[in-house]
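Pasting in a structure now, in structure tokens, and then I'll have a few things to ask.
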Amino acid sequence: MKTLNKSIVSAILFLVVILFPNKANSQVTDNGYINVDWQFNMPIKTGFADKASGWGMSFEGGYYITKNIGLGMFMTYSTNNDYVERQTMMLTETSALTTDQMHSIFQLPFGVSARYRFLPDAIVKPYVALKLGTEYSKLSSYYNSFSSSDKNWGFYICPEVGTTIYFTSSQKVGLHIALYYSYATNKSDVLIYDVKGINNSGFRLGLSF
Amino acid sequence: MKRLATLLMTVVLLSLTVSCQKDPDFDELSSEFITYTNYDKSVDFSKYSTFYISDAIKVLSDKKEDWSDDNAQSIIKTFADNMKDRGYVQLDESEKSMADIGIQLSYVENSYYFTDYYSPYYWYDWWWGSIFWNGWFPIYPYPSYSVTYRYDVGSLLGELILIDRATEKLQQAWSMCVGGTMSGSTRTDVANAKRGVNQAFVQSPYIKK
């Protein structure tokens, strides 16, 4: 019980410290923001390379037009690869192909973003954001010495929740963490795989400037 | 200035760590050759009884040459055994002109075969002679989607040609392509090719007397 009380007090103290406004050097004096993140991405039920991967990055930059509302631009990219066991595929009514495969999805969305931050003067600045844009995607199947690919463009939407945590009073560089879900309308047709829309979820971890 | 330097350093470091598109680990792919088959849906394979297969595999290259050593013979025998298992009777050289089905096996080793090699006509002229040319249009044993080679590969091509002696025409009824990266070991490659031939028949159950 004593340990539990100690933990609660510690947590409250921690929250007070990180949420306590630091007016001397808050970002209000510099309304711009830039996030550079490592991205961990997982396609959801695309039926093609649905294996989580950390091969991705995210770049975002913007400007706070008010203390709470920021507008900006973003670009991310990610690759997800997955092995498919040897199987016989009916490519058409009369043709068949037997092979194992390595599936790969490369996604590169970019566009504009808007965000609302809840505690502009705190050390921890949680926010919600919405990113809209276009996505370039390339779905590839590699089998033995061959490959089949389909490149496409589609509309991209990505709601995101995250926070920036500053550890110094100058608030020049902070830790950035975000969770996201995204959907792109890209449609691809590779061998027997017909992908209509790409859903993703994942997280971003990096630095905020 | 310090902030800009930190930002640039982060971008460079992360970019080096997570390159734009991550290639899959091709070592996960098996070395088993791919097997592709296609057939003419209008053909009733049960109407035919006999077949003739040459005792040499044609090597498609700048020079016209045959491949007829023990390795070639074992591949030819594998093909012929599959035909016999399906109820067809093999005819020898002296009965060649009486065969209902002619079987052509060819081998090509070329990095750009699928994109560069468009006309196999000469190869028919060379093997069957030109008397059956009229009205024959081949079904190419190539997948209908884009295919690119990454390495030098070998491909064993096989075709069932229906011979109409009354009209002196040939009709391609079935085609096969067994191919992939050569291992460098003839023994391994021949074993791989024979497994590919067997697989071609497994995925072509319609070939039966």
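The values are calculated or read from the model by the stated rules, or taken from the named source; none is laboratory data. Computed from a predicted model, the values in this text were never measured in an experiment. In this analysis, Cβ positions are derived from the backbone assuming ideal geometry, glycine residues included, and neighbour counts consider all displayed protein chains.
Look at A:VAL173 and say whether it is within 14 Å of another protein chain (Cβ to nearest Cβ) and closer than 18 Å to A:SER104 by Cα. Walk me through how you get there before you give the answer.
Details: within 14 Å of another protein chain (Cβ to nearest Cβ): yes; closer than 18 Å to A:SER104 by Cα: no.
No: the conditions fail for A:VAL173.
Same structure again: Out of all the residues in region B:69-82, is one or more modelled with pLDDT under 95, crowded, with 16+ Cβ neighbours inside 10 Å and either within 14 Å of chain A (Cβ to nearest Cβ) or outside any helix (DSSP H, G or I) (or both)?
Within region B:69-82, none of the residues are modelled with pLDDT under 95, crowded, with 16+ Cβ neighbours inside 10 Å and either within 14 Å of chain A (Cβ to nearest Cβ) or outside any helix (DSSP H, G or I) (or both).
Which of the residues belonging to region A:29-49 are crowded, with 22+ Cβ neighbours inside 10 Å and on the phi > 0 side of the Ramachandran plot?
Listed by number, the list holds a single entry, A:ALA49.
Hey, any hits in region A:110-121 for a residue that's crowded, with 16+ Cβ neighbours inside 10 Å, facing another protein chain (nearest Cβ under 7 Å) and more than 18 Å from the chain's Cα centre (by Cα)?
no
Among the residues of region B:51-77, write down those that are under 20 Å from B:VAL153 (Cβ atoms) and of a type outside the set (D, E, K, R).
Across region B:51-77, the qualifying residues are B:ILE57, B:VAL59, B:LEU60, B:SER61, B:TRP67, B:ASN71, B:ALA72, B:ILE75.
Rundown of residues vs (1) surrounded by 22 or more Cβ atoms within 10 Å (Cβ to Cβ); (2) farther than 24 Å from A:ASN199 by Cα, yes/no style:
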residue: A:GLU60; (1), (2): yes, no
residue: A:TYR63; (1), (2): no, yes
residue: A:ASN68; (1), (2): no, yes
residue: A:GLY72; (1), (2): no, no
residue: A:THR79; (1), (2): yes, no
residue: A:TYR83; (1), (2): no, no
residue: A:THR88; (1), (2): no, yes
residue: A:LEU91; (1), (2): no, yes
residue: A:SER95; (1), (2): no, yes
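Which of (1) in contact (Cβ under 8 Å) with a residue 24 or more places away in the chain; (2) within 18 Å of B:GLN73 (Cα to Cα) is the odd one out, the single condition B:ALA191 does not satisfy?
(1)
Mind checking which residues of region B:9-68 are at pLDDT 85 or above, in contact with a Ser or Thr (Cβ under 6 Å, 6 or more places away or on another chain) and surrounded by 17 or more Cβ atoms within 10 Å (Cβ to Cβ)?
The answer is B:ILE34, B:THR35, B:THR37, B:ASN38, B:TYR39, B:LYS58.
Of A:TYR127, A:TYR181, which residue is within 15 Å of A:TYR77 (Cα to Cα), at pLDDT 90 or above and part of a strand (DSSP E or B)?
Working: A:TYR127 fails: within 15 Å of A:TYR77 (Cα to Cα).
The match here is A:TYR181.
Output the number of the condition that A:ALA122 fails; it satisfies all remaining conditions of (1) touching a residue at least 40 places away in the same chain (Cβ under 8 Å); (2) of a type in the set (A, V, I, L, M); (3) closer than 25 Å to A:MET57 by Cα.
Evaluating A:ALA122 over (1) touching a residue at least 40 places away in the same chain (Cβ under 8 Å); (2) of a type in the set (A, V, I, L, M); (3) closer than 25 Å to A:MET57 by Cα leaves (3) as the failure.
Test A:GLN87 against the stated conditions and say whether it is facing another protein chain (nearest Cβ under 8 Å), over 17 Å from A:CYS158 (Cβ atoms), among the polar types (S, T, N, Q) and part of a strand (DSSP E or B).
Values: facing another protein chain (nearest Cβ under 8 Å): no; over 17 Å from A:CYS158 (Cβ atoms): yes; among the polar types (S, T, N, Q): yes; part of a strand (DSSP E or B): yes.
Taking the combined requirement at face value, the residue does not satisfy it.
Right, next: Any idea which of B:LEU156, B:LEU170, B:LEU160 is in a strand (DSSP E or B), out of contact with any Leu (no Cβ under 8 Å at 6 or more places or on another chain), surrounded by 14 or more Cβ atoms within 10 Å (Cβ to Cβ) and at negative phi?
Of B:LEU156, B:LEU170, B:LEU160, the one residue that is in a strand (DSSP E or B), out of contact with any Leu (no Cβ under 8 Å at 6 or more places or on another chain), surrounded by 14 or more Cβ atoms within 10 Å (Cβ to Cβ) and at negative phi is B:LEU160.
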